[in-house]
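What follows draws every value from the coordinates through simple rules; no lab data is involved. The shown structure was predicted, so the numbers you read here are calculated from the model rather than taken from an experiment. With ideal geometry, Cβ positions are generated from the backbone for all residues, glycine too; neighbour counts draw on all protein chains shown.
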Amino acid sequence: MPNCPECTHREKKKIQEKYESEVPEEERSREDLFKLYDEIDIPMKMDEKNRRNFVCKRCGLYATREQVSDIRYKLNQKERTRDDKHDDYLEWWSKSKKEKAEN
Ligand SMILES: [Zn+2]
């Protein structure tokens, strides 16, 4: 059964916050965090009436397997955009500096 993407996402946030509050910055590693993520186990249940659909007992999400991967993908995407924001800003900043210098 697929893990519920919504609940998994929420759980990841909690794990990350806990990890960051317990482990000093210089000792943190992405692998350790991902190992903790692997322990998340929030399987959805198959809908007996419509076996193409899954339902999450925790948050009530009701979706097909395709929708589940779609939601998971979008949530990951959102996360990545947030992480990249800083880099985008830096890029914009150095670009605008360059443009100013050229003019
Ligand atoms: Zn859920």
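Of note:
- Proximal lysines to residue 95, defined as alpha-carbon separation beneath 17 angstrom and excluding residues fewer than eight positions away on the same chain: 85
- Over 18 Å apart at the Cα level, from the set 57/78; 45/78; 13/78; 13/35; 35/74; 12/74, are 57/78; 45/78; 35/74.
- Residue 47-residue 14 FRET efficiency (beta carbon distance; Förster radius 25 Å; 0.05 resolution): 0.35
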